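Below: one structure, written as structure tokens.
The values are calculated or read from the model by the stated rules, or taken from the named source; none is laboratory data. Since this is a predicted model, take the numbers as computed values, not measurements. Note that we place each Cβ from the backbone using ideal geometry, even for glycine, and neighbour counts take in every protein chain shown. Side chains are part of the model used for accessible areas, which takes the heavy atoms of the whole protein and leaves out ligands, DNA and RNA. Shrake-Rupley method; radii C 1.70, N 1.55, O 1.52, S 1.80 Å.
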Amino acid sequence: MYTQLEQRGMTQPPINISTLQNMKHKNQPIACITAYDASYAALVDEAGIDLVLVGDSLGMVIQGHDTTIPVTVDDIIYHSKAVSRGLHRAFLVADMPFMSYTKLSMALDNAVRLMQEGGVMMVKLEGGDDQVEIVEHLARHDIPVCAHLGLKPQSVHKLGGFKVQGREPDKAQEMLVSAKRLQDAGADIVLLECVPNEAGKLITEALEVPVIGIGAGPDVDGQILVLYDLLGITLGRTPKFVKNFQADCNSPLAAVQSYVNEVKDGGYPEPEHCFS
Ligand code: KIV
């Protein structure tokens, strides 16, 4: 059923790209999370999450791989379809998987599939200067884009592990320049993973578009966590930036609500979750 106009009049209308932009300008923190199925999508939506990502982290947390590299466009579409059926209010973003955006036409075709078949509202790609042209191409076709900088898990084998990025001042400056170029090319959101607090702050203050962090310190415009990490059911080693919100809550819904509250009131991340 077509409900867009009806929903606009609700007290909590669906989040769109303008809502997220306004939240940045009003200093209202954006609470984001990953989800991979309809039941959890409905739960995180009820908890007040603003943005849901169907992340290629599904390769690790759902499929049990060591990295995100085996994930395919079909996998992302399958999970996006399920998640989109569970959401009413949250803005839905999905990852472009490894090697699905190496050429302009390929990037456009795959982004269109994620939107048309998966029902997502924005695509996320891991990128730096080499992806500026791709972002420009997608933006020219009115595809909303989130550019993922800092630790790029699809590059794990090139990086030699999941490592903090931008610790050296020149590397933080390079990341800032890339972030600005991606914004100028049309990126609507920048996501920073595993960077020191100072780099998170520097880039957030320099950009017009919202900056969402995961292990990027408290000074970004919003936080994102992998749902299963937040629920304390991480497979293997828990990253430093993760907080188990279920430890003090008696249900997954209460845990996600507690995460939303702590993002909104600045209680999360605490210094122990940050990199210097
Ligand atoms: O794939 C994913 O879940 C992500 C988050 C870590 C931001 O990219």
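A few points about this structure:
- In this structure, Pro218 does satisfy being within 26 Å of Asn22 (Cβ to Cβ), in contact with a Pro (Cβ under 7 Å, 6 or more places away or on another chain), open to solvent by 30 Å² or more (accessible area, probe 1.4 Å) and in a loop (DSSP other than H, G, I, E, B).
- Count of the stretch 6-27 residues which are within 17 Å of the chain's Cα centre (by Cα), open to solvent by 60 Å² or more (accessible area, probe 1.4 Å) and touching a residue at least 40 places away in the same chain (Cβ under 8 Å): 2
- Unique residue being among the aliphatic types (A, V, I, L, M), within 15 Å of the ligand (Cβ to nearest atom) and either under 21 Å from Met96 (Cα atoms) or open to solvent by 10 Å² or more (accessible area, probe 1.4 Å) (or both) when the list is Leu230, Leu202, Leu225, Leu176: Leu225
- For the stretch 179-208, the tally of residues that are under 16 Å from the mean Cα position of the chain (by Cα) and in a loop (DSSP other than H, G, I, E, B) stands at 4.
- Looking only at residues in the stretch 43-67 that are away from the ligand (no atom under 13 Å from the Cβ) and within 15 Å of Val260 (Cβ to Cβ), the one that is most open to solvent (accessible area, probe 1.4 Å) is Glu46.
- Residues in the stretch 233-275 that are open to solvent by 50 Å² or more (accessible area, probe 1.4 Å) and not in a loop (DSSP other than H, G, I, E, B): Gln257, Asn261, Lys264, Asp265, Pro271, Glu272.
- Scope the stretch 134-163; condition open to solvent by 40 Å² or more (accessible area, probe 1.4 Å) and in a loop (DSSP other than H, G, I, E, B); matching residues: His141, Asp142, Lys152, Gly160, Phe162, Lys163
- Residue within the stretch 255-265 that is out of contact with any Lys or Arg (no Cβ under 9 Å at 6 or more places or on another chain), within 14 Å of the ligand (Cβ to nearest atom) and more than 30 Å from Arg181 (Cβ to Cβ) present: no
- Restricting attention to the stretch 109-133 and to residues that are of a type in the set (D, E, K, R) and away from the ligand (no atom under 16 Å from the Cβ), the residue that is surrounded by the fewest Cβ atoms within 10 Å (Cβ to Cβ) turns out to be Asp130.
- When residues of the stretch 98-108 are limited to those that are surrounded by fewer than 22 Cβ atoms within 10 Å (Cβ to Cβ) and assigned to a loop (DSSP other than H, G, I, E, B), the one nearest to the ligand (Cβ to nearest atom): Phe98
- Scoring Asp95 on the criteria (1) surrounded by fewer than 20 Cβ atoms within 10 Å (Cβ to Cβ); (2) within 24 Å of Pro210 (Cα to Cα) leaves a single failure, condition (1).
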